[in-house]
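Visitor: Below is a structure I'd like to ask you about.
The values are calculated or read from the model by the stated rules, or taken from the named source; none is laboratory data. Values in this document were obtained by computation on a predicted structure and should not be read as measured data. Methodologically, a virtual Cβ is constructed for each residue, glycine included, from the backbone with ideal geometry; neighbour enumeration extends over all protein chains shown.
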Amino acid sequence: MLNLNNPFRDSFDSYEDDAVHELRGEISPSLLQLKDLEYLDLSLNNFKGVQLPEFIGSLKELRYLNLSGSFFSGIIPQSLGNLSNLLYLDLNNFLDQSNQIGLGWLSGLSSLKYLNLGGVDLSNTAAYWLEIFSKLPSIVELHLPNSNLPILPIHFPSLNFTSLQVLDLSNNGFNSTIPHWLFNITNLLSLDLNSNDLQGDIPDGFASLNSLQLLDLSGNSFLEGQLSRNLGTLCNLQTLKLSLNQFRGEVSDFIDGLSECINSSSLARLELGYNQLTGNLPISLGYLKNLRYLELWYNSFLGSIPPSIGNLTFLEELYLTSNQMNGKFPESFGQLSAIRVLELSDNQWEGFITEAHLRNLTSLEELSLIKTSNSSLSFNISFDWIPPFKLRYLVIRYYQLGPKFPTWLRNQTELTTLVLNGASISDTLPSWFWQLNLTLDELDVGGNHLSGRIPNTLVFRFPGSVDLSSNRFEGPLPLWSSNLTKLYLRDNLFSGPIPNDLGQKTPFLTDLDISFNSLNGSIPQSVGNLKQLLTLVISNNNLSGGIPQFLKNISSLYILDMTKNNFSGEIPESIGSLLTIRFLVLSNNHLSGEIPPSLKNCSLMDSLDLGENQLSGNIPAWIGESMPSLSILRLRSNHFNGTIPSELCKLSALHILDLSHNNLSGPIPHCVGDFSAMKVKPPDTEIYQGSLQVAIKGTQYVYQQTLYLVNLMDLSRNNLSGEMPVELTSLLHLGTLNLSGNQLVGKIPTQIGKLEWLESLDLSRNKLSGSIPPSMVSIRFLSFLNLSFNNLSGEIPTANQFQTLINPSIYEGNLALCGVPLPKRCSEIDGTPQIPGADEDKEDENGHDKLWLFVSVGLGFIMGFWGVCGTLIIKKSWRYAYFQFFDKIKDQLLTFLALSVVRLKRKMSEKNGAGET
C-alpha cells in the first residue's frame, strides 16, 4: 500500500501553488520495483501536465488506483487495460485539461467494481459508450459525471448491469426523456441524473426499482401538473432530490404517497426547492418520521406549517424560505428537538414567536428569519429568558426585537454570524456583548438606532464582514483585525480623520463604505495599500485636499464615490489607470480644470458623474468613442463650454444624460435619436447602477435601487440654439426631457406625441413659437409640463392629460396663448391660429354655406314678392283694402306723435317754473 494523497486540498476545481503540500514532477520507473503493490493513491497532487507513464499498466497486482484531481496531461495510457486484478479505479478530474479519450482499454478490467471517469471528455464515444460499460461484468459503481457524454440512448435491449448498484450520469446535458432501460437495473441503489436537461414526465417505471435508496433528478426540465404519487412505492428510498425543476401544482397527493409505506417511510432527505409548487403542506408530512432534511424553499406554498410537524423528531434541517406561507407557528414546532438549521425567511407569517416555540430546540445552531412587507409576525420573548441552544448563525432582518438590545443573546458564546438588521433597537451595544469574546465571520446591526462608541476589541475570521450602517454611532472610525474584507460604516455620526493606518490594519478590504458621516482631513496614504479594494465610497463627509495619486495603485477598483466633500484641484491623470472602474462619482466638490484625457482608458465605465464642480473646457468627444458601455453621463453645474459633441450619440446604452447648467452653445445634435436605451422599455430585472441625484419634475430626487428605470435627458440652463431636433421624438421611452433656459427657436415638433412614456417635459424660457402640437394630448403619463416664457400662440389643448395640467404658470409668458387655464379666451384674439389642415376644411364649409344662402334668399324673394304683390296686382278689391289699411295706420301714428310732443312741452315748462321758484 502506498498512500501519497494530498490531505491539504479538498477540491478538484483548483489548486494552490504550494510546493510544501503537493507532489510534483515525473513518476520514476523505480516504482516498478514494488512488485507486490496493490494500493496506489496519488490523488489531489499537482503533476502540472506530466504524462501519466505507460509503465503504470505493469503493476499487475494493483487492486486500487486513485489518480483523481492530480492534473496529469495527455491521454489515458492504454496499458491500464492490463490491470486485470484492478477493483477500484478513480480518474475523476485527473487531467489538467479536457482531453478526449478512447475506452477500448476498459475491456481488460474484468475484475473492476468501482470506476470514476468524472470530468474526462468522452464526447467522441458517440452512442456506444453504454455498450462498453455494460461489458464490465463485475461493475458495482459507475460514475460518469460531467463527461460530455453525447446522448442518453432511449432503447438498449442488450443491457447487462446485473451487479450495478450506483449509477452517476449527472451534468452531461442530456436533453431526452428518461429511458426505460434504466428500470431493468433492478439492483440499483443510487441513481444520479441531476443537472441535465431531461424533460417530460417522471415515468411510472421507477416503481420497479424497489431497492432504490437515492434518486437525484434535480436540475432538469421536468414539467408535470403534480408530482407523481408512484414514487411513494419506493419504500427503501432514503434520499429524493427533485429541486430545480419546473414542477407545478399541489404536493398533498405526492406526500401522502411517500408516507404510506409499511412501518413508515425510510425517507431521510427530501428536496423540492426551486420549483413552482403551491397549496398547503399536508398533515401527512408529519408521518415521514425518519425525515432529517426537508427542503421546500423557493416555491409558492400557502397556509401554515401543519401541526404534525412536531412528529418529525429526527428533523435536523428545515428550509421554507421564499414561499407565501401566511399562518402562525404551531405550538408543536417547539418539539423539534433535533433541529439544527431553520430557514424561514420571506414568508407572510402571522402571530408571535414565544419561548414555547423555542424552549425545546436544544440542538438549534442556525436561524434565519427575514421579514417581507406582508408579515405581521412579532417576537414576544421575556427580558430574562435564557435559550436552551447555542447558536452559530443568527440572521434576523426587519423584525422588531427592540427597543432594547436582546439580552437572551448573553449566553450565545458560539456565534460566528450575527445579523440584527432593521430590528428597531434603540439602545447602546451593552458591555456584556463586547465581553463575549466572539470570533465572527459577520456582524451586521445596520438599520437600527444604536448609539455610543465602538471598541476595537472584536475579532474576525477571514473573510470578515462588518455592517454598522444607518445608526447613531459616534467617535472615531473603529478598526478591527486584518481579516476584514467588508466594512460598512455609512450613515452614522463618526467624526475625525480617516485613521492613518487603515491600509495596514485592514489590508484585505474589498469593500469600504464610510459615507454620510462627519469625517474630515485628507485621504491617508495607507489607503493606497488596499490593493484588493473593489468599492471605495467616502461620499457626504467633510474630507478635503486633492484626489490622491496613489489611488492608481488600487488597480481592481470597481466603484469610486467621493461625492459631496470638499476635494479641490484637478482630476489627476493617474485616475485613468483604474482600468476596471465602472462607477466614477466625483460630484459636489470643488474640482477644477478639464476632464483628463487619460480617462479614455477606462473603457468599462458604466456611470460617470462629475456634476456640481468647477470643471471647464469642452466636453471631450472621446467619451462617446472610448466608453461604449456608458449608461449614465452627468456633467451638470460646471463651466463646460463649446458644443455638444455628436460623438456622444454613439453611446447606445446611455439612458441618463445630464449636461444642464453649463455654458454649452450651438444646436442640439440631430443624432440624439441614436440613444437606443431611451427608445426601449427598461429591463424587468433589477440592475445595480449605484445612486444618483437627478432633477425630475422640477425637484431633485436621489435614485438608488430603481435608477436603472430612469430615462432622462437634461440640457437645461445652457446657451443652446437652433430648433428642437425632430429626432428627439424617436426616444419612445424617454421619461424626462428638460431643454429649458436656452435659446431654442422654431416650433415644437408636431410628432412629440410619440413620446408616450414622457412624465416630465420642460421647454420653458426659450424662443419657441407656433402652436402647442395637438399630438401632445397622446402623452398619457405626462404629469409635469412647463412651456412658460416662449412665443407660443393659439389655443391650449384640453383633452386627456391636459385636463389635469391646469396651473396657469405652465403657460405664462406666452402672450398669444389662449384658453383654459389662462383667463384669456381665444375669442378675444383676432386671427386665432387654426388647427393645421382646418383652413381648407372651413373654406369648403363656407362655400357650401354661401351656396345654400343664395338659393334660400332667391326662393324667399320669389315666394314673398309673388305671394303678396302678385295678388294685389291681379285682384282690385284687395288693392283698395290694402292701401286703406296703411292710410289708417299712418293717421293713428301722426295723432300719437302730436299728442306726445304736446305732453313733453307741458312737462318742460312746469319744470322750468319750479326751478325759478
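Visitor: Inside the stretch 395-415, can you point out the residues that are closer than 25 Å to Ser482 by Cα and surrounded by 17 or more Cβ atoms within 10 Å (Cβ to Cβ)?
Guide: Result: Val395, Gln412, Leu415.
Visitor: Next question. For the condition assigned to a strand (DSSP E or B), surrounded by 20 or more Cβ atoms within 10 Å (Cβ to Cβ) and among the aliphatic types (A, V, I, L, M), what is the one hit in Leu509, Leu487?
Guide: Leu487
Visitor: Among the residues of the stretch 444-454 satisfying the criterion of being within 10 Å of Leu429 (Cβ to Cβ) and touching a strand residue (DSSP E or B) at 6+ places or on another chain (Cβ under 6 Å), which is surrounded by the fewest Cβ atoms within 10 Å (Cβ to Cβ)?
Guide: Ranking the candidates gives Arg453 first.
Visitor: Being under 19 Å from Leu692 (Cβ atoms) and among the small types (Gly, Ala, Ser) is the filter here, so list the residues in the stretch 625-671 that pass it.
Guide: Once the filter is applied, which keeps residues that are under 19 Å from Leu692 (Cβ atoms) and among the small types (Gly, Ala, Ser), the stretch 625-671 yields Ser629, Ser631, Ser637, Ala653, Ser660.
Visitor: What pairs come up if the first residue lies in the stretch 539-559 and is in the same structural domain as Phe583 (by TED's automatic domain parsing), the second is among the basic types (Lys, Arg), and their beta carbons are under 6 Å apart, counting only those six or more places apart or on different chains?
Guide: Ser539/Lys564; Asn540/Lys564; Tyr558/Arg582
Visitor: Residues in the stretch 466-481: is at least one of a type in the set (Asp, Glu), more than 21 Å from Leu543 (Cβ to Cβ), in contact (Cβ under 8 Å) with a residue 40 or more places away in the chain and part of a strand (DSSP E or B)?
Guide: Yes - at least one qualifying residue is present in the stretch 466-481.
Visitor: Quick test for you: out of Ser769, Ser788, Ser721, pick the one residue that is in a loop (DSSP other than H, G, I, E, B) and at pLDDT 95 or above.
Guide: Ser788
Visitor: If you take the residues in the stretch 664-705 that are hydroxyl-bearing (Ser, Thr, Tyr) and surrounded by 11 or more Cβ atoms within 10 Å (Cβ to Cβ), which one is farthest from Asp561 (Cα to Cα)? Explain how you work it out, then say what you get.
Guide: The initial filter retains those residues of the stretch 664-705 that are hydroxyl-bearing (Ser, Thr, Tyr), namely 665, 676, 685, 688, 691, 699, 701, 703.
Among the residues that remain, those that are also surrounded by 11 or more Cβ atoms within 10 Å (Cβ to Cβ) are: 665, 676, 688, 691, 701, 703.
On the way: Ser665: 30, Ser676: 27, Tyr688: 14, Ser691: 10, Tyr701: 18, Tyr703: 15 Å.
Filtering first and then ranking leaves Ser665.
Visitor: Suppose we keep only residues that are touching a Lys or Arg at 6+ places or on another chain (Cβ under 8 Å) and among the acidic types (Asp, Glu) within the stretch 577-633. Which one would you say is farthest from Phe675 (Cα to Cα)?
Guide: Looking at the filtered set, the residue picked out is Glu612.
Visitor: Sticking with this structure for a sec: Among the residues of the stretch 635-652, which ones are touching a Ser or Thr at 6+ places or on another chain (Cβ under 6 Å) and surrounded by fewer than 19 Cβ atoms within 10 Å (Cβ to Cβ)?
Guide: The answer is His639, Ser652.
Visitor: Filter the stretch 168-206 for residues that are loosely packed, with under 15 Cβ neighbours inside 10 Å and more than 21 Å from Tyr274 (Cα to Cα); which is modelled with the highest pLDDT?
Guide: Step by step, filter the stretch 168-206, then rank; the result is Asn187.
Visitor: Take the residues of the stretch 257-292 that are closer than 16 Å to Leu244 by Cβ and not small (Gly, Ala, Ser): which is surrounded by the most Cβ atoms within 10 Å (Cβ to Cβ)?
Guide: This residue is Leu272.
Visitor: Here's something else I'd like to know. Can Pro797 be described as surrounded by 17 or more Cβ atoms within 10 Å (Cβ to Cβ) and at pLDDT 95 or above?
Guide: no
Visitor: Scan the stretch 383-420 for residues that are farther than 16 Å from Val445 by Cβ and in contact (Cβ under 8 Å) with a residue 24 or more places away in the chain and jot them down.
Guide: Residues of the stretch 383-420 farther than 16 Å from Val445 by Cβ: 383-390, 392, 411, 413-414.
Scanning the stretch 383-420 gives Phe383, Trp385, Ile386, Pro387, Pro388, Phe389, Lys390, Arg392, Asn411, Thr413, Glu414.
Visitor: Right, next: If a residue has to be out of contact with any strand residue (DSSP E or B) (no Cβ under 7 Å at 6 or more places or on another chain), of a type outside the set (A, V, I, L, M, F, W, C) and closer than 15 Å to Glu414 by Cβ to count, how many in the stretch 381-402 make the cut?
Guide: 3
Visitor: Checking the condition under 28 Å from Ser631 (Cα atoms) and within 27 Å of the chain's Cα centre (by Cα), which residue from Ile581, Ile575 passes?
Guide: So the residue among Ile581, Ile575 that is under 28 Å from Ser631 (Cα atoms) and within 27 Å of the chain's Cα centre (by Cα) is Ile581.
Visitor: Filter the stretch 749-768 for residues that are aliphatic (A, V, I, L, M) and over 37 Å from the mean Cα position of the chain (by Cα) and give the result.
Guide: Of everything in the stretch 749-768, just one residue is aliphatic (A, V, I, L, M) and over 37 Å from the mean Cα position of the chain (by Cα), namely Leu768.
Visitor: With respect to the numbered conditions (1) in a strand (DSSP E or B); (2) modelled with pLDDT under 95; (3) of a type in the set (A, V, I, L, M, F, W, C), which one is the sole condition not fulfilled by Phe433?
Guide: (1)
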